[in-house]
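The values are calculated or read from the model by the stated rules, or taken from the named source; none is laboratory data. As the structure is a computational prediction, the values presented were derived from the model and not from experiment. Here Cβ is always computed from backbone atoms with ideal geometry, including for glycine, and neighbour counts include all displayed protein chains.
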Amino acid sequence: MLQACAQIKFLQHRMEILCLKARQQSEKNINERTIIKKCVKHYMNVIDFAESTNEIFTYTIFLQYSISAVIICACMYNLTNVPFMSSAFISITMYLTCMLVQMFIVCFYGTIITYESANMGNIIYCLDWTALSLSGQKCLILMMVQAQRPIVFTSGHVVVLSLESFTAFCKLSYSAFNLLIQQT
């Protein structure tokens with residue numbers, strides 16, 4: 001996810017420089033067209049990379065997501081049964097923190113990649129596209145249309161990896177913990 005996000009940021013910067021160079025180029029149409037084609041191809045490669053990465057890891061992340069919810073619930077339950085500030089309490093707290101951070105990182109970068117890919121259309125729209133040739137402008141329009149569908153990473157094709165899903169994940173774990181406490 002981080003790699004795809006970095007590639008999108010790189011591409012956004014490349015697009016911003018494109019219009020600045022377009023005003024200065026004497027062989028404008030030839031260089032402009034090849035640069036835009038490279039940008040479009042790069043963007044399509046980033047989308048393909050993100051989709052294949054999502055396909056490869058979606059079930060693994062779903063399994064991690066599901067098991068982590070149970071483990072976090074169990075850790076919170078164990079915290080209620082050990083003395084405060086004992087070595088067991090500290091080790092369980094550290095483990096619980098690691099589990100939460102692990103899930104937060106996955107959801108955080110899911111949010112970042114969705115935001116950056118959705119922002120790609122805005123970046124293209126804000127470019128000085130009037131400096132480009134007509135064919136360059138048409139290529140940018142096609143790229144904007146493609147950018148309207150943001151890259152979204154999912155967990156098991158069920159849960160969208162985002163900060164909202166992390167919040168829901170924490171609520172689910174806490175609800176299971178409350179249910180467990182009430183049953184005992």
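Of the numbered criteria (1) surrounded by 14 or more Cβ atoms within 10 Å (Cβ to Cβ); (2) within 22 Å of His13 (Cβ to Cβ), the one Thr130 fails is (1). Considering (1) closer than 23 Å to Thr184 by Cβ; (2) aliphatic (A, V, I, L, M); (3) at pLDDT below 90, the lone condition that Leu132 does not fulfil carries the number (1).
In the range 143-184, which residues are under 29 Å from Leu11 (Cβ atoms), surrounded by 13 or more Cβ atoms within 10 Å (Cβ to Cβ) and more than 16 Å from the chain's Cα centre (by Cα)? Met143, Met144, Gln146 - these are the residues of the range 143-184 that are under 29 Å from Leu11 (Cβ atoms), surrounded by 13 or more Cβ atoms within 10 Å (Cβ to Cβ) and more than 16 Å from the chain's Cα centre (by Cα). Of the helices (runs of 4 or more DSSP H) lying entirely inside the range 76-184, those containing at least 3 residues that are touching a residue at least 24 places away in the same chain (Cβ under 8 Å), within 30 Å of Ile17 (Cβ to Cβ) and hydrophobic (A, V, I, L, M, F, W, C) span 87-126, 134-147. Among the conditions (1) over 17 Å from Met1 (Cα atoms); (2) exposed (fewer than 14 other Cβ atoms within 10 Å of the Cβ), the only one that Ile123 does not satisfy is (2).
Which is over 17 Å from Ala176 (Cβ atoms), modelled with pLDDT of 90 or more, aliphatic (A, V, I, L, M) and within 26 Å of the chain's Cα centre (by Cα), of Val46, Val82?
Working: Val82 fails: within 26 Å of the chain's Cα centre (by Cα).
None of the other options fit; the residue is Val46.
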